[in-house]
Amino acid sequence: MRIHSILLAGAISAATVAPVVATEAFVGRWALTSSACTGTGTTAATAPLIASDTVVRWFGDPCRIHKMYKIGTAVYVQARCFGDRTTETPITLDARGDRMLVAWNGAKSQELHRCK
């Protein structure tokens, strides 16, 4: 009985240790070309896409991730973008290694490369 109590106490203490939070594969800096990685352009070709766990920004106003779900490797985001007015923007981020397919607000997908 004592061994069961010790094992139970160990399991409970292991469960209360702070879990390691995995970073989403899309987090980072991405661009169509290497020159766009350091740019601050206003088009998809000249601006980097910068993504964190909570915010995505690409050639426009910052967008806060409001809702998110995954199917396979693709992450489907409903974002609230702030500018002259707040808009709901659908974004698909499908990161696979150093490449990511991005579909922004219903536009055709574009392949970005991770900035190094």
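The values are calculated or read from the model by the stated rules, or taken from the named source; none is laboratory data. Please read these numbers as outputs of a predicted model, since none were measured by experiment. Every residue, glycine as well, gets a Cβ built from its backbone with ideal geometry; the counts of neighbours run over all protein chains shown.
Tabulated data
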| read-out | value |
| --- | --- |
| Evaluation of Pro48 against (1) modelled with pLDDT of 90 or more; (2) of a type outside the set (Lys, Arg); (3) exposed (fewer than 10 other Cβ atoms within 10 Å of the Cβ) (one fails), failing number | (3) |
| Residues of the stretch 32-63 classified as under 14 Å from the mean Cα position of the chain (by Cα) and either closer than 16 Å to Asp94 by Cβ or assigned to a loop (DSSP other than H, G, I, E, B) (or both), total | 9 |
| Qualifying positions in the stretch 92-115 - surrounded by 20 or more Cβ atoms within 10 Å (Cβ to Cβ) and under 17 Å from Thr43 (Cβ atoms) | Val102, Trp104, Leu112 |
| Selected residue (criterion: surrounded by the fewest Cβ atoms within 10 Å (Cβ to Cβ)) from residues of the stretch 75-91 that are free of Cβ contacts under 8 Å to residues at least 24 places away in the same chain and within 10 Å of the chain's Cα centre (by Cα) | Tyr76 |
| Extreme residue, farthest from Arg96 (Cα to Cα), among residues of the stretch 1-31 that are modelled with pLDDT under 55 and either of a type in the set (D, E, K, R) or within 14 Å of the chain's Cα centre (by Cα) (or both) | Arg2 |
| Test: residue in the stretch 63-81 that is of a type in the set (Gly, Ala, Ser) and modelled with pLDDT of 95 or more | yes |
| Pair list, Cβ < 6 Å and 6+ apart or interchain, from the stretch 52-66 residues that are at positive phi to residues that are part of a loop (DSSP other than H, G, I, E, B) and not aliphatic (A, V, I, L, M) | Phe59/Thr42; Phe59/Thr43 |
| Some residue of the stretch 93-103 being more than 16 Å from Glu24 (Cα to Cα) and free of Cβ contacts under 8 Å to residues at least 60 places away in the same chain | yes |
| Unmet criterion (only one of (1) within 21 Å of Arg99 (Cβ to Cβ); (2) modelled with pLDDT of 95 or more; (3) of a type outside the set (D, E, K, R)) for Ser34 | (2) |
